[in-house]
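What follows is calculated from the coordinates using simple rules that are stated; it is not laboratory data. Everything numeric in this text was worked out from a predicted model, so none of it was measured.
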Amino acid sequence: MKTEHGVYKYQLYVFVHCRSDFKGIIDYMFYSQDVMKPLGLLGSFDTKWFQENHIVGCPNPQIPSDHLPLFVEYEMYATADLSDSDSVFAV
């Protein structure tokens, strides 16, 4: 099995966790290249929106969580051997 790879490796996000005292990336999505590939990603929040609306952290009335949503659409390969007992799949 190939190593797992992070989906958000291209600096798409400035942060995915937003509090007044910390903004950073602490949430990740991993996948195995042997059995799937990402087809699409949900884009990042516009950081200008946070500034224009004086948002210093979350949760707040507009964003109910301090973890911003991550979404990936995957394609699973039809030839993947799902009987491999060492494999763990989250769909």
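Multiplying the sequence separation of Tyr77 and Glu52 by 0.36 nm and subtracting their Cα-Cα distance, what value in nm do you get?
Details: separation 25, 0.36 × 25 = 9.00 nm, distance 4.32 nm.
Length gained, Tyr77 through Glu52: 4.7 nm.
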Along region 30-42, Karplus-curve 3J(HN,Hα) (6.51, -1.76, 1.60; θ = phi - 60°) to the nearest Hz, with x for Gly and Pro, reads 10, 8, 9, 5, 5, 10, 7, 9, x, 9, x, 10, 6
